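Report on one structure; see the data block that follows.
The values are calculated or read from the model by the stated rules, or taken from the named source; none is laboratory data. Because the structure is a prediction, the values reported are computed rather than measured. Ideal geometry is used to build each Cβ from the backbone, glycine not excepted, and the neighbour counts take in all protein chains shown. For the accessible areas, the whole protein counts, side chains as well, though only heavy atoms, and no ligand, DNA or RNA atoms are used. Shrake-Rupley method; radii C 1.70, N 1.55, O 1.52, S 1.80 Å.
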Amino acid sequence: MKKSALQKARAAYQPKLPIVLTGAVKVVEGRPTESVADQEAIRKLFPNTYGLPEIRFEKNPTPGAGKPVNVGVILSGGQAPGGHNVISGLFDGIKKIHRDSRLFGFLMGPGGLVDHKYIELTAPIIDEYRNTGGFDIIGSGRTKLEKKEQFDKGLEILRELGITAVVIIGGDDSNTNAAVLAEYYKAINAGVQVIGCPKTIDGDLKNDLIETSFGFDTATKVYSEVIGNIQRDCNSAKKYWHFIKLMGRSASHIALECALQTQPNVCIISEEVEEKNMSLNDIVNYIAGIVTARAAEGNNFGTVLIPEGLIEFIPEFKRLISALNELLGAHKDEVAKMNTEELTAFILNNLDKQNIEALNSLPESVARQLMLDRDPHGNVQVSLIETEKLLSELVGQALAKSDAFKAANGKFSSLHHFFGYEGRCADPSNFDADYCYSLGYNAAALINGGVTGYMSSIRNLVNPAVQWIAGGIPITMMMNMERRNAEDKPVIQKALVRLDGKPFQKFAAKRDEWALNTCYIYPGPIQYFGAADVCDQPSMTLKYEHTNK
Ligand code: FBP
């Protein structure tokens, strides 16, 4: 593979590890755990892996000789910067345990395990991918692992390759699958451990013990760089309003982090929209009000950040989406056989008047996406919905009717952007490079510790890497019951933006000032070499959540 000068320099970067993982470790068990909610239901569904203790690693002055282990690894779901470093950390970790250990990568996500598609990841392959972005080393996919037949099919290839541990690198849905797989293999005494790693740029897989998911840091730095560039452009020409949609699925963590980094004129937070029961009209009027106030000062330009999941939080559409999910979930088999026209007619015949009105209030393309497009986990594919265009069009219409805007002699010309895929495969920041390598290395230590159904956990992340705390968290601890596809299912609880949390509070305290005045910050590109305050800073979300600043 031909490499750029930066890639060559970056390949030589040695990610930092928590000091405890630099030598042999022993497992220290903490208190037994309970799931975050619905304890009885989760306990019943996970009789073999419920209630396990938290684990923390400590230095082991008298380690025994390690045994070789064959491990399988799967990248699951959307790409996130640092996935290759999780794999290289895992590789180095199992080789440290014993030089004859072997690592197999299942291709294109969980489907590779079921379909027996794999490669052995050898040292030359791993070396090609150290500190690089992307998931292309083995590819990723969104196949949902949930059926006994899939688990049994997977077990055939695991046995054939002598694999006794599988590491699933994924988001909340994929780690839910990891917990289900761990439970099943334990129940049938398959002799296969399953370990999860917290991945997702969305930042919504976190709790008291998982401080952040990997990829969030790099992706938000990439988006913030580009938002900053746009802000400098619009502050130079002073003639456009930029409507920028940001990935993140349901949660608004990405939009919030980018707002903290760049200080835009407007940033909508979906969780606040829901909390305040704001209709689509309320949101449009809020933005139009800011456009008008800036126009009165002669500033016919600005930036609006929009989280991609917004539509799911606006009460009238939330009700509609949940009715659609129930309807489509309850008639799964019939629906699967329908063509688009039949499905549309079926939906329209079965929704109530209020939901039909909500559907009709949307442009046809958005209505179609809500009705027809779902991913394998049943999620609305919010990244396909052009909320940025919808909002700017409606704001334009509101301004056209506004006397105040006319009186201000305002002009409104809008441009649209969607940042998501641009950041998911960026070369990991130093933070993500170190964090991911540590997560993988730590997963090897969990395997060596003989546990299953755990998520690799590295904490104390606002401090230098040497001080990070390494251990494992039972995945069942993060679970609750939720309605999915018309059924109650055990799933990892999604972490949405907390309105009483510090990141939101900091934003809310400043946003009126940022709206009227032009207070833009231009963060510039990620720096990989140089002073720690330029290169090694974690996200502002992480800092606000875990320090007193
Ligand atoms: P994960 O939850 O799997 O990490 O995916 C994150 C994400 O990037 C979301 O932000 C986005 O909505 C979705 O993936 C897009 O999915 P796809 O890659 O299938 O288009």
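Using the Cβ-Cβ distance between Asp127 and Val534 with R0 = 30 Å, the FRET efficiency computed as 1/(1 + (r/R0)^6) comes to roughly 0.65. Gain on full extension, evaluated as 0.36 nm per residue between Glu487 and Lys543 minus their Cα-Cα distance, stands at 16.4 nm. For the pair Asn229 and Lys276, label points projected 7 Å from Cα toward Cβ lie 3.2 nm apart. For the range 128-223, the fraction of C-alpha pairs farther apart than 15 angstrom is 67 percent.
Please work out the average accessible area per residue across the chain, using the 1.4 Å probe convention, and give it in Å².
For the chain, the per-residue accessible area is 41 Å².
Near Val25, the amide H atoms lying under 5 Å from its own belong to Asn60; only residues 5 or more places off or on other chains count, and H is placed 1.01 Å from N. Quick one: net charge of Glu183's neighbours, Cβ under 13 Å, K/R +1, D/E -1? After counting each charged neighbour, the total is +3. Entry for the range 407-549 at q = 0.16 Å⁻¹: log10 I(q)/I(0) = -1.24, Debye formula applied to identical alpha-carbon scatterers, no solvent contribution. Sorted largest first, the spans of the alpha carbon positions of the range 41-108 along the three principal axes are 42, 38, 21 Å. For Cys267, the solvent-accessible surface computed with a 1.4 Å probe is close to 10 Å², ligands and nucleic acids excluded.
For the range 4-138, the residue among Gln7, Pro61, Leu75 whose Cα projects farthest onto the positive side of the dipole built from Cβ charges is Pro61. Paramagnetic label reach from Ala509 (point 7 Å along Cα→Cβ; backbone nitrogen cut-off under 18 Å): within the range 238-276, residues 256-264.
Note down the Stokes-Einstein diffusion coefficient of the range 259-417 in µm²/s, whole number, using a Kirkwood radius over alpha carbon pairs, 10 °C, and 1.306 mPa s. The estimated diffusion coefficient comes to 92 µm²/s.
With R₀ set to 51 Å, the beta-carbon distance separating Asn350 from Glu422 gives a calculated FRET efficiency near 0.85. Across the range 171-258, Cα-Cα pairs more than 18 Å apart make up 58 percent of the total.
Any number yet on Rg/Rh for the range 2-126, C-alpha, Kirkwood?
Radius of gyration relative to Kirkwood radius: 1.03.
The calculated FRET efficiency for the pair Arg43 and Lys148, based on their C-beta separation and a Förster distance of 25 Å, comes to about 0.75.
Surface composition of the chain: carbon and sulfur atoms hold 50% of the protein heavy-atom accessible area at a 1.4 Å probe. Rounded to whole numbers, the Karplus 3J(HN,Hα) couplings from phi for the range 347-357 are 5, 4, 6, 10, 8, 7, 4, 4, 5, 5, 4 Hz, using 6.51 cos²θ - 1.76 cosθ + 1.60 with θ = phi - 60°, and x at Gly and Pro. DSSP bridge analysis restricted to the chain gives an antiparallel fraction near 40%, rounded to the nearest 5. Selection among Leu390, Ser365, Phe405 by position relative to the dipole of the range 296-418 gives Phe405 as farthest towards the positive end (Cβ unit charges, Cα centre).
Kirkwood analysis of the range 226-272, using all unique Cα-Cα pairs, places the hydrodynamic radius at 11.5 Å. Each residue, Glu342 and Ile119, gets one label point 7 Å from its Cα in the Cβ direction; the gap between the two is 4.2 nm.
How high is the relative contact order of the chain, in percent, with contacts defined as C-alpha pairs under 8 Å that are six or more residues apart? That works out to 25 percent.
Loop-located GluC sites (Glu not before Pro) across the range 251-302 with a Cβ neighbour count of 12 or fewer within 10 Å are Glu297, with loop assigned by DSSP. What the Cα atoms of the range 317-382 give is an Rg and a Dmax of 11.0, 29 Å. Rounded to the nearest 500, the 222 nm mean residue ellipticity of the chain from helices alone is -13000 deg cm²/dmol, with -39,500 (n - 2.57) taken per DSSP H run of at least 4 residues.
Charges only on Cβ, +1 for Lys and Arg, -1 for Asp and Glu: so what's the dipole of the chain about the Cα centre, in debye to the nearest 20?
1280
Note on Met1 and Ser413: the model spin-label points, each 7 Å out from Cα along the C-beta direction, lie 4.3 nm apart. Stretched out straight at 0.36 nm per residue, the stretch from Ser365 to Val335 would grow longer than its current Cα-Cα span by 8.8 nm. Kirkwood analysis of the Cα pair distances in the range 386-443 returns a hydrodynamic radius of 15.4 Å. A viscosity of 0.692 mPa s and a temperature of 37 °C, combined with the Kirkwood radius over Cα pairs in Stokes-Einstein, give a translational diffusion coefficient for the range 208-293 of 227 µm²/s. Along each principal axis, taking the top coordinate minus the bottom one, the Cα set of the chain gives 80, 59, 47 Å in descending order. Only residues of the range 435-458 count here: report those whose backbone N is under 17 Å from the spot 7 Å along Cα→Cβ of His98, or say none. 444-451, by backbone N distance to the label point.
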